[in-house]
Amino acid sequence: MKSKMSRNIILIALLGLLSIDKVAAQSVTVEAKIDSLQILIGEQAKVQLQVAMDAKQHAIFPAYTDTLVKGVEIIETVKPDTQFLNDRQRMLITQEYVITSFDSALYYLPPMPVTVDGKEYKSKALALKVYSIPVDTLHSDQFFGQKPVMKAPFAWEDWYGLISCSFLALPLLGLLIYLIVRIRDNKPIIRKIKVEPKLPPHQAAMKEIERIKTEKVWQKGRSKEYYTELTDALRTYIKDRFGFNALEMTSSEIIDKLLELKDKEAISDLKELFQTADLVKFAKHDPQMNENDANLINAIDFINETKQPEEENQKPQPTEITIIEKRSLRVKVMLICGIALLSAALIGVFIYIGMQIYNLFV
């Protein structure tokens, strides 16, 4: 009884080992297929070699050089493509070979070996039929000899880049020559400036008084501003006309200085104007409307009585001033940088033109 039980245990163990080996063997599958069983000479076909295995296993595909079998050439071996299946427990690796043949025949493609974890697995065999191109030997007159070398037709599109760069090179070359001449010519820069003539003192004063008269600030209750502008205009006129700095003098000092130069009658009204202006500016005096108008007239009369006589039809001419400047270091640096940049651009343009001409005629 015990011996019978022992035999049963041994039999069960052997069956378990066989089933485990069978499962392991079934975990790797190798399949080969071809996309076209028949091709013409020189045409191409694709052979796919697929391996399905566990994700932890490692596969080595056959390393063909240039032929699959004699007469069947390998043009390209595509990079393997890997796909994961069953939650990344399994993977499918696809290796593709592009083949062709230049001899008509029926080719036997033997099983393709793949090594997985040191064990070799083989795919099924394939077949490839290569046909030659049919030739009509009965009508030989339809065959033509070798064609002569034909010239490519002229196309403007091929010349657009060359023409554009040629037109671009001309202004760049002209500008480069100009900058080189400028930097070699180290002469000073001469500029002429026209200075407009200064108005005569009485005209400048009358122009300012006319502005004051037009604005009529005294009618807006701004008497202090009015008298300040009016006396400033008179002080400037006196300074330019009589040659002493009336702008830095008091009213009484100006009157005393004028009395030394002019008659008292011409200055009496001006004295009254200055006194009124001092009262407005320092004593907050509020003059009447007619008093403001009278002082404005007094200022005009004083200017007309003391102005210098003018020659008829004499118009002041603008004065031309010549300014000589030496070229600064900054300008020289800018010229040198411009020459360097233009030179580099021209070299690039000429290289491009040369390459285009070479490609068109060679």
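The values are calculated or read from the model by the stated rules, or taken from the named source; none is laboratory data. Quick caveat: nothing in here was measured; it's all calculated off a predicted structure. We place every Cβ from the backbone using ideal geometry, glycine too, and count neighbours over all the protein chains shown. Please note that ligands, DNA and RNA were not included when accessible areas were found on the heavy atoms of the full protein model with its side chains. Shrake-Rupley method; radii C 1.70, N 1.55, O 1.52, S 1.80 Å.
How much solvent-accessible surface does residue 222 expose, in Å² to the nearest 10, with a 1.4 Å probe and all protein chains in place?
Its accessible surface works out to 100 Å², give or take rounding.
Listed highest first by mean packing, meaning other Cβ atoms within 10 Å per residue, what order do 110-116, 31-37 come in?
Going by the mean number of other Cβ atoms within 10 Å, highest first, we get 110-116, 31-37.
Heavy-atom accessible area of residue 231 with all protein chains present, probe 1.4 Å, nearest 10 Å²?
0 Å²
Set the Förster distance to 51 Å, then compute FRET efficiency between residue 168 and residue 120 from the Cβ-Cβ distance, nearest 0.05.
0.15
What pairs in 224/307; 70/129; 207/271; 198/224; 220/281; 46/129 have C-alpha atoms more than 18 Å from each other?
224/307; 207/271; 198/224
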